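Bear in mind that the values in this text are calculations on the coordinates, not laboratory data. Keep in mind that what you see is a predicted model, and the values were worked out from it rather than measured. So basically every Cβ, Gly included, is an ideal-geometry build from the backbone, and we count neighbours across all protein chains shown.
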Amino acid sequence: MSKKKWKIGIPKHYLAVVAVLAAIMMGVLDGTVMNVALPTLSTEFGVSASEVIWVVNAYQLVVTMCLLGFAAVGDVFGYRRVFLVGVSVFVFASIMCAVSTSFEMLVAARVLQGIGGACTMSINTALLRLIFPPSRLGRVMGANAVIVAVTAASGPALGGAILSVGHWSWIFLMNVPLGLAALFIGWHLLPHNPPSEKVRKLDGQSVVMNAVFFGLLIYTVEGVAHNGVSTLLLLQGVVAVIVGVVYVRRQLSIDMPILPVDLFRIPIFTLSIACSISCFTSQMLALVSLPFFMQHSLGMTVAETGVLMTPWPLATMLTAPIAGRLVERVHAGVLGSCGMVVFAVGLFLLLSLGTGAERWDLAWRMSVCGIGIGLFQTPNNVTITTSAPISRSGGASGMLGTARVLGQTLGTAMVAVLFHVATKGNGEKACLMAALILAVTAGALSAVRVKR
């Protein structure tokens, strides 16, 4: 991309990155900001707690179902087009959410919002790869990691702040100025896909099978974790397996697969995806179980819990940009292993906490975990993105997002299972031990990449 400066004196590639990061912020934020508003929505629309959770689940499920499909659409029709359409849909859906007059209308708008979010999240790293050369990609991926970590962690606090001074609809309306800015900048400055050596066609059947497979898989895993095994869930699982087998067989026989089986033939790509899933599963095991430990075992209030969870994302925010610069000089496998070692040490230190621990004892241990995640995440994302051919950047970007969502879903499900099978008071410790094992696994997998 040209290094010329735009009208206001800012280099074009920096402004283009601002558009991508703004869209990432919207997509990630809407996955977490609604949690704190669920009781308010339950009261306003007169629905039960089990029903109102669909305001969150509908969005997350649709994003998971559509990520790889829209990544493939980006490979064929252009990442810039998918981005602009996704942001437009997201802004429109946010307005529809804000003006919803019924619960059904709100859930339908959240489904539409999930489609827009999947568009932008599926191709964001592919766009970043087009904007910046490989030698400087680590820095912008570090900024990407910061945005994801800070936005995800600050979502509940931001939602609570909005609800304390205004109506719940403002949670959705805050997306509008961000989205319009991303649209304006993206329209003028985002690059087009590089020319392809051959004509690529989108396989519609694969797109549908991808959505059905991942939708059934995630819904079944979460259903078993929270409600136990039932006949309906078993049937769903069987259908998911059948669809999955047919889907994978089809992907092996086409030139441009939706599920990037061609990229999985690249050893370092496969190792990096496995690292990502292990890391995100481990992180969710800790982040979901720790509030229970803090409130039940340490006797903290909800407000204290929120404050003492903050050192984790703050440490990640400070470390990720440093890792982004280091990856330009140090092998990503080495950095990733170091990060997971630090993360595992932090988890071990949290495991060693007794019921009489002071607030400071918890805070600095949380910081150690955040430092480890920051050291790992940026190098790993850079490796996933750059190990794929430039023409398959969309597939790599979509798989990166899918690995994150799968890891988070598995982590949350494992918390529910471990809380159910562990003796009273030991569920949190069991979750932290499982997180520690997965962190060590991710570190070992990352070390193997050094030889690649």
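Laid out as a table, the results:
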{"quantity": "Calculated Rg and Dmax of segment 260-452 using C-alpha coordinates, Å", "calculated": "17.0, 55"}
{"quantity": "Shape of segment 1-193, Cα gyration tensor, a/c cut at 1.5", "calculated": "prolate"}
{"quantity": "Inter-site label distance for residue 359 and residue 187 at 7 Å from Cα along Cβ, in nm", "calculated": "4.9 nm"}
{"quantity": "Inter-site label distance for residue 169 and residue 437 at 7 Å from Cα along Cβ, in nm", "calculated": "5.0 nm"}
{"quantity": "Trypsin sites (Lys or Arg not before Pro) within segment 273-368, DSSP loop, no more than 10 other Cβ atoms inside 10 Å", "calculated": "329"}
{"quantity": "Alpha-carbon radius of gyration plus Dmax, which is the widest Cα pair, for the chain in Å", "calculated": "21.2, 65"}
{"quantity": "Fewest-first sequence of 187, 312, 168 by Cβ atoms within 10 Å of each Cβ", "calculated": "187, 168, 312"}
{"quantity": "Fewest-first sequence of 172, 77 by Cβ atoms within 10 Å of each Cβ", "calculated": "77, 172"}
{"quantity": "Spatial extent of segment 216-298: Rg and Dmax, with the Cα atoms as the point set, Å", "calculated": "17.6, 56"}
{"quantity": "Computed [θ] at 222 nm, deg cm²/dmol, the chain (DSSP H ≥ 4; -39,500 (n - 2.57); rounded to nearest 500)", "calculated": "-26500 deg cm²/dmol"}
{"quantity": "Proxy reagent accessibility, fewest Cβ within 10 Å first, across 111, 63", "calculated": "111, 63"}
{"quantity": "Distance (nanometres) between label positions extended 7 Å along Cα→Cβ at residue 274 and residue 51", "calculated": "4.6 nm"}
{"quantity": "More than 21 Å apart - percent of Cα-Cα pairs taken over segment 171-249", "calculated": "60 percent"}
{"quantity": "Residue 14/residue 391 FRET efficiency (R0 22 Å; Cβ-Cβ; nearest 0.05)", "calculated": "0.30"}
{"quantity": "About the Cα centre, charge dipole magnitude for the chain (Lys/Arg +1, Asp/Glu -1 at Cβ), debye", "calculated": "1740 debye"}
{"quantity": "FRET efficiency, 1/(1 + (r/R0)^6) with R0 30 Å, evaluated for residue 444 and residue 352 via beta carbons", "calculated": "0.85"}
{"quantity": "Extension reserve of the residue 101-residue 239 stretch, reckoned as 0.36 nm per residue once the Cα distance is removed", "calculated": "46.1 nm"}
{"quantity": "Three-way shape call for segment 87-139 based on the alpha-carbon gyration tensor, with the a/c threshold at 1.5", "calculated": "prolate"}
